[in-house]
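Participant: Attaching a single structure in structure tokens format; questions to follow.
Throughout, read-outs are computed from the coordinates displayed, never taken from laboratory work. If you're wondering where the values come from, they're calculated on a predicted model, not measured in any experiment. Positions of Cβ are generated from backbone atoms using ideal geometry, with glycine treated the same way; all protein chains shown enter the neighbour counts.
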């Protein structure tokens, strides 16, 4: 019986339902509170743009909520674990299950199964929805909440150099020769880095070679004269392939697309440690939800009347939050090249699996 982790279908369904309801409740509460605080912080910037109103605020909320869900779903699972297990302990349901012959692992198995399903759903949600909303939101922020970009493959804040010259675009859409840049600024500089002229343009398209600026206004620094040249061509040394590799944002590319970007970076001889660490973390991040019942399991056991239930809940919460701290620190180290990318993404998860199992076995098994 000890190797049968789901000895009772009724008990498994009962515990899974309790857990799911609490996960959804915690997630709703966290997202609601954080979204309200976010709107208080950014609504002034959105409404400051002429023509923006309630519709734009709702659009911002719709784009921001997927990011909040991605960030705080593991925290919701941790809090739901503690609430579920503390409630079961206080009502002596854990004692009844153990008296029926269930081990600590069998008590936790329905919660781990539920958390595993949540991890899979979280991965699919992040890669199909959150990446797209993040790309659109960053592009909208780049134009200071003006006209919302309609394209789905938007990249924001692009900086490119062509010799001494610098090309900056607020946002970019398309790939290859179909690239279109908007809110473009070209800085022509001499060898010492002094700006000779600045050209602001509404739009830039590929001219083979170079980039044709549309709606351009030029300011020549030496004599402080402004004019409006007709479709000047700049950055003749910049190719579409260089621009495609100019900025790869892991937060806006799904798992399978990011893999191709990393391969292209490597082929171009670019550094890929940060991208690879975040590529691995696209799997390890959602999987952290699976870890939370194991770290919070210490709150399930021990007699409630002993007075140590609150202390056990605090220990479970501390273990969960310690994981998130270590995970973020390891990912930062991987981005700087201090850890290999695979180790940076997976070492915290594997470490806390061992810690959770050690605590559970030493105290209950």
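Participant: Starting from the Kirkwood Rh over alpha-carbon pairs, what translational D in µm² s⁻¹ does the stretch 155-248 have by Stokes-Einstein at 10 °C and 1.306 mPa s? It would help to have the intermediate numbers written out before the result.
Facilitator: On the way: Rh = 13.2 Å.
Approximately 120 µm²/s, per Stokes-Einstein.
Participant: To the nearest 0.05, how large is the calculated FRET efficiency for residue 355 and residue 257 if R₀ is 30 Å and r is the Cβ-Cβ distance? Walk me through the numbers before you get to the answer.
Facilitator: On the way: r = 34 Å, r/R0 = 1.14.
Calculated transfer efficiency: 0.30.
Participant: Report, to the nearest 10°, how far helix 273-295 tilts away from the longest principal axis of the Cα atoms in the chain, using its own Cα long axis and a range of 0 to 90°.
Facilitator: Approximately 20 degrees, to the nearest ten.
Participant: Do you know the relative contact order of the chain, to the nearest whole percent, from alpha carbon pairs under 8 angstrom that are 6+ apart? Working shown, then result.
Facilitator: Details: 560 pairs, mean separation 59.5, N = 365.
The value is 16 percent.
Participant: Cα convex hull of the chain: how many Å³ per residue?
Facilitator: Details: hull volume 63.2 nm³, N = 365.
Once divided by residue count, the hull of the chain is 173 Å³.
Participant: Between residue 362 and residue 61, what FRET efficiency follows from the Cβ-Cβ distance if R0 is 51 Å, with the result rounded to 0.05?
Facilitator: 0.65
Participant: Compute the acute angle (0 to 90°) between the alpha-carbon long axis of helix 54-90 and the principal axis of greatest extent of the alpha-carbon atoms of the chain; round to the nearest 10°.
Facilitator: Result, in degrees: 20.
Participant: Sticking with this structure for a sec: Given R₀ = 25 Å, FRET efficiency for residue 203-residue 175 by Cβ-Cβ distance, to 0.05? Write out the running numbers ahead of the final one.
Facilitator: Numbers: r = 17 Å, r/R0 = 0.67.
So the FRET efficiency works out to roughly 0.90.
Participant: Given 0.36 nm per residue, what is the gain on full extension from residue 217 to residue 325 after removing their alpha carbon distance, in nm?
Facilitator: Numbers: separation 108, 0.36 × 108 = 38.88 nm, distance 4.85 nm.
My answer for the length gained is 34.0 nm.
Participant: Here is a further query. Rounded to the nearest 500, what is the 222 nm mean residue ellipticity of the chain from helices alone, with -39500 (n - 2.57) per DSSP H run of 4+ residues and division by all residues?
Facilitator: Working: 10 runs with 209 residues, N = 365.
It comes out at -20000 deg cm²/dmol, rounded to the nearest 500.
Participant: Taking the Cα atoms only, what angle lies between the long axis of helix 131-142 and the longest principal axis of the chain, rounded to 10 degrees?
Facilitator: Once rounded, the angle reads 40 degrees.
Participant: Here's a follow-up. PRE reach from residue 192 (point 7 Å along Cα→Cβ): which of the stretch 216-236 fall under 16 Å by backbone N?
Facilitator: 221-223
Participant: While we're on this one: Given the stretch 14-154 reduced to its alpha-carbon atoms as identical point scatterers, what log10 I(q)/I(0) does the Debye formula return at q = 0.08, 0.22 Å⁻¹?
Facilitator: Once normalised to I(0) and log-transformed, intensities are -0.33, -1.28.
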